[in-house]
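All remarks here apply to the structure that follows.
The values are calculated or read from the model by the stated rules, or taken from the named source; none is laboratory data. Quick caveat, the model's predicted, so the values are computed rather than measured. Counting neighbours? That spans all protein chains shown, and the Cβs are built from the backbone with ideal geometry, glycine included.
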Amino acid sequence: MSEMKKAMKKSGNIGQLMIPLIAFGLLIVFNLIRDPSFFSIETKLNNTGNTVLAGNLISIINGASELAVLAIGMTLVTAACGGQDISVGAAAAIAGSVFVKIVRGAADVNGLTVILAFLACCVVAMIFGSFNGMLVSVFRIQPMIATLILYTCGRSIAYWINGGATPTISSPITSAIGSFIPGVPIPTPVIIVAVMVILFNLLFRFTTLRLYTQAVGINQSAARLNGINTTMIKLLSFILLGVCVSVAGCIGVCRLQLINHETLLLDIEMDTILAVAIGGNNLGGGKFRISGSILGAYVIQMLTTTLYAMKVSSTDVKAYKAIVIILLVVIGSPVVKRWFTKKMGNLRGAGLRRAGAKEGV
Amino acid sequence: MTVKNASLPQKRREPLTDTQLLMTITICIFFAMYALAMLLLGGGFLRPQQIFDLLNDNAALIIVACGLTVVMIGGGIDISVGGVTSLVVMSCVLYLNNDGNMFVAMLLALGIGLAFGVVHGLLVSYLEIQPFIVTLAGMFFARGMTTILSVNPQKLAHEGLNALRAVKIEIPWLGYIAKNGNLIPGRIELGVLVALLCVVVVFLILKYTRLGRNFYALGGNQQSALMLGINVKRTRFMTFVISGLLSGIAGFVFMMHTGAGNATNAAGAEMNAIASSIIGGTLLTGGVGNIIGTFFGTLTLTTIKKIVVTSGLKDPWWQSITTGAMLLFFIVLQSVVLSNREKHNAKKKDSSAVKKG
């Protein structure tokens with residue numbers, strides 16, 4: 001009996017990851033048919049003389065780094081508040097501007113200045129996160145509406161920080177963060193994502209954050225009556241998203257070695273929410289799986305890269321992306337799921353009946 | 001005796017509903033703001049043409065915001081409206097430039113809007129997919145299709161429609177005397193009439209038809225609406241259809257105003273429309289909202305931008321920072337007003353319960 005329960009639990013867990021996994025499968029099969037060399041990975045020397053890995057797969061994993069980091073925080077906010085933060089792109093532009101300002105202001109750029117700059121932009125992003133969080137938790141405003149404020153004026157604040165210019169930074173350390181550390185063949189953003197994932201996993205393992213967040217998301221009044229400080233949990237989710245935003249902003253800045261407040265991580269909020277939804281998380285809050293969101297982020301990036309490989313222009317990609325998204329969400333919709341389970345149940349029922357008949361004979 | 005008489009009419013007066021309260025605040029603030037601008041800035045704000053210009057420039061936004069308000073009252077959200085508008089503009093311009101017929105172009109605009117509305121409605125209400133994701137995909141699709149149709153800006157070169165665009169309603173007695181002594185009459189574009197018509201029609205639908213009242217019931221509490229025998233799925237479907245249709249009309253009006261198709265047309269219109277609805281007192285949670293409020297919300301939003309520009313803050317970032325600050329003000333104000341009412345109501349209930357007890 002207990003084994004059966006375990007098995008059921010297991011299948012339930014996989015159920016949530018079904019959509020991103022199906023999407024991955026479809027994309028892999030499609031690419032294999034289209035052009036098997038899509039998956040080839042090779043080593044080559046980059047212009048600083050490093051041996052590095054190159055290939056479409058590497059560029060997918062590398063390119064989705066910002067999205068994956070943001071998806072972690074967005075999942076938490078979604079789970080706790082039942083709404084999404086649409087200001088992450090604007091907040092990342094602010095965080096990136098602060099980072100660039102401090103790096104440029106330093107006399108010589110060494111490891112310490114970069115760490116200080118990161119900490120400063122982390123603090124700024126957390127302040128903006130707690131601003132959003134205050135509106136949501138204390139004033140009880142819908143997250144999407146509350147973050148609309150920062151979405152409207154965030155990029156203007158970023159513009160103001162650097163006085164309207166698009167300053168560049170040039171330092172071996174920042175370029176190492178954006179591309180490759182000498183001697184390491186894996187892109188640094190990928191390593192940063194791995195570190196973030198491990199940190200959040202540790203956070204969930206050793207604190208009650210996961211349980212409390214889910215409790216607040218499922219039923220806020222019940223959580224409050226059980227002694228959970230719901231305001232604090234919601235605020236905390238936004239502050240943690242702020243940390244993710246600052247990491248994503250720094251990766252984005254270091255990748256290009258400049259800050260353009262208008263285009264840095266443009267429209268990433270939509271992709272992030274999409275990643276959370278494709279990962280099987282309910283956008284209405286409650287239970288969540290970080291792994292689903294991260295998989296969702298990689299699905300989106302793989303889709304984009306596949307379309308680019310098919311010579312679709314960057315402006316037209318959106319239309320094809322929309323079709324795939326609709327297909328995915330239709331497969332994952334409650335109605336189709338119910339219909340599918342019913343059909344499966346019928347099949348299983350018929351099988352059992354047949355087996356029963358045999359035994360009877 | 002006199003005390004009783006004095007208290008009677010007060011008792012009978014029904015308290016304002018949340019919708020009306022939020023709308024009243026918006027309208028008051030709009031007029032106060034405009035009066036202040038007239039006093040302090042003078043100049044253009046003293047001329048009626050300023051209001052006409054606001055309407056001329058934002059007719060499409062008003063229509064789009066109406067559609068969005070309907071969806072938001074029903075408890076959903078539609079962020080595809082800007083994309084659909086730009087797709088309609090681009091396809092109509094391309095069609096008309098290929099010797100198209102004006103009326104067919106109108107039908108094309110309505111058809112595209114309707115198609116988006118129907119697909120969104122089907123996916124959201126009958127397949128139970130989250131509206132945000134569905135309309136996000138709709139926005140991606142519409143924006144992508146716009147650039148597939150043409151990446152380069154297209155100028156409208158259709159004689160009939162250009163003639164129609166030039167038609168403006170002139171009101172001499174609301175004009176002003178220009179520096180050279182000529183009287184310049186107040187000018188209103190045809191698109192504004194369409195926008196006002198849309199506002200009136202949607203207002204009537206929401207206020208006096210069964211469908212409109214069902215929208216409020218659905219947004220207020222879906223479970224109760226279902227138990228009252230409302231066809232919840234069809235009602236939700238209809239909110240998206242109305243929003244799509246209005247986006248199509250907005251696209252045509254937008255084309256009448258600008259006379260060109262461009263991939264960046266109506267960029268950010270969805271967020272502006274959401275902001276307008278919120279300023280007008282619509283709650284994203286559903287069940288609360290009013291078209292008249294949305295109309296004034298749009299005007300408030302665009303007036304503040306105009307005030308920022310006229311008062312000499314020419315840097316582009318001032319506009320969005322003031323818009324953000326204003327949004328913050330309205331949102332916090334609404335939240336405080338509503339929670340105060342809640343507390344007040346709870347107290348009233350308590351005291352009445354005590355009295356009865």
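Every listed requirement among (1) surrounded by fewer than 18 Cβ atoms within 10 Å (Cβ to Cβ); (2) in a loop (DSSP other than H, G, I, E, B); (3) without any contact (Cβ under 8 Å) to a residue 12 or more places away in the chain is met by residue A:170 save one, (3). One residue alone among A:207, A:174 is assigned by TED's automatic domain parsing to the domain that holds residue A:78, of a type in the set (Val, Ile, Thr) and at pLDDT below 90, and that residue is A:174. Cβ-Cβ contacts under 6 Å between residues 6 or more apart (or on different chains), taken from a first residue in region B:240-268 that is more than 14 Å from every other protein chain (Cβ to nearest Cβ) and closer than 14 Å to residue B:82 by Cβ to a second residue that is in a helix (DSSP H, G or I) and of a type in the set (Ser, Thr, Tyr), are listed as B:247/B:85; B:250/B:85; B:251/B:85; B:254/B:85; B:266/B:85; B:266/B:86. Is there a residue being surrounded by fewer than 22 Cβ atoms within 10 Å (Cβ to Cβ), of a type outside the set (D, E, K, R) and farther than 16 Å from residue B:249 by Cβ anywhere in region B:112-122? Scanning region B:112-122, I find at least one residue that is surrounded by fewer than 22 Cβ atoms within 10 Å (Cβ to Cβ), of a type outside the set (D, E, K, R) and farther than 16 Å from residue B:249 by Cβ, so the answer is yes. Assess whether residue B:52 counts as being without any contact (Cβ under 8 Å) to a residue 12 or more places away in the chain and either closer than 30 Å to residue B:283 by Cβ or of a type in the set (A, V, I, L, M, F, W, C) (or both). For residue B:52, the condition - without any contact (Cβ under 8 Å) to a residue 12 or more places away in the chain and either closer than 30 Å to residue B:283 by Cβ or of a type in the set (A, V, I, L, M, F, W, C) (or both) - is not met.
For region B:253-291, a residue qualifies if it is in a helix (DSSP H, G or I) and within 12 Å of residue B:61 (Cα to Cα), and the qualifying residues are B:253, B:254, B:257, B:269, B:270, B:271, B:272, B:273, B:274, B:275, B:276, B:277. Restricted to region B:309-332, and to residues there that are loosely packed, with under 15 Cβ neighbours inside 10 Å and assigned to a helix (DSSP H, G or I), the residue that is farthest from the other protein chains (Cβ to nearest Cβ) is B:309.
Restricting the search to helices (runs of 4 or more DSSP H) fully inside region A:243-352 and requiring at least 3 residues that are among the β-branched types (Val, Ile, Thr), away from chain B (no Cβ under 13 Å) and under 27 Å from residue A:197 (Cα atoms) gives A:290-309. All but one of (1) at pLDDT 95 or above; (2) surrounded by fewer than 21 Cβ atoms within 10 Å (Cβ to Cβ); (3) under 18 Å from residue A:77 (Cα atoms) hold for residue A:219; state the number of the condition that does not hold. The failed condition is (1).
When A:252, A:292 are screened for being in contact with an Asp or Glu (Cβ under 6 Å, 6 or more places away or on another chain) and within 24 Å of residue A:129 (Cα to Cα), only A:252 passes. For region B:294-350, a residue qualifies if it is among the β-branched types (Val, Ile, Thr) and over 24 Å from residue A:156 (Cβ atoms), and the qualifying residues are B:294, B:336, B:337. Selection of region A:100-134 for residues being part of a helix (DSSP H, G or I) and either farther than 25 Å from residue B:320 by Cβ or at the interface with another protein chain (Cβ under 7 Å from one of its Cβ atoms) (or both) yields A:103, A:105, A:111, A:112, A:113, A:114, A:115, A:116, A:117, A:118, A:119.
Could you say which residue among A:188, A:174, A:147 is within 30 Å of residue B:336 (Cβ to Cβ) and either touching a Cys at 6+ places or on another chain (Cβ under 9 Å) or within 14 Å of another protein chain (Cβ to nearest Cβ) (or both)? Just a single option satisfies the conditions, and that option is A:147. For region B:40-65, the candidate set comprises residues that are in contact with a Leu (Cβ under 7 Å, 6 or more places away or on another chain) and modelled with pLDDT of 95 or more; within that set, the residue that is nearest to residue A:83 (Cα to Cα) is B:64.
Among all residues of region B:63-71, there is at least one that is buried (at least 24 other Cβ atoms within 10 Å of the Cβ) and hydroxyl-bearing (Ser, Thr, Tyr). Evaluation of residue A:22 against the conditions (1) over 26 Å from residue A:180 (Cβ atoms); (2) within 14 Å of another protein chain (Cβ to nearest Cβ); (3) out of contact with any Pro (no Cβ under 8 Å at 6 or more places or on another chain) shows that the sole unmet condition is (2). Note on region B:86-179: enclosed helices (runs of 4 or more DSSP H) holding 2 or more residues that are out of contact with any Leu (no Cβ under 7 Å at 6 or more places or on another chain) and more than 14 Å from every other protein chain (Cβ to nearest Cβ) are B:102-121, B:159-166.
Residue A:124 passes every criterion in (1) of a type outside the set (Lys, Arg); (2) surrounded by fewer than 24 Cβ atoms within 10 Å (Cβ to Cβ); (3) touching a helix residue (DSSP H, G or I) at 6+ places or on another chain (Cβ under 6 Å); (4) farther than 30 Å from residue B:284 by Cα apart from (4).
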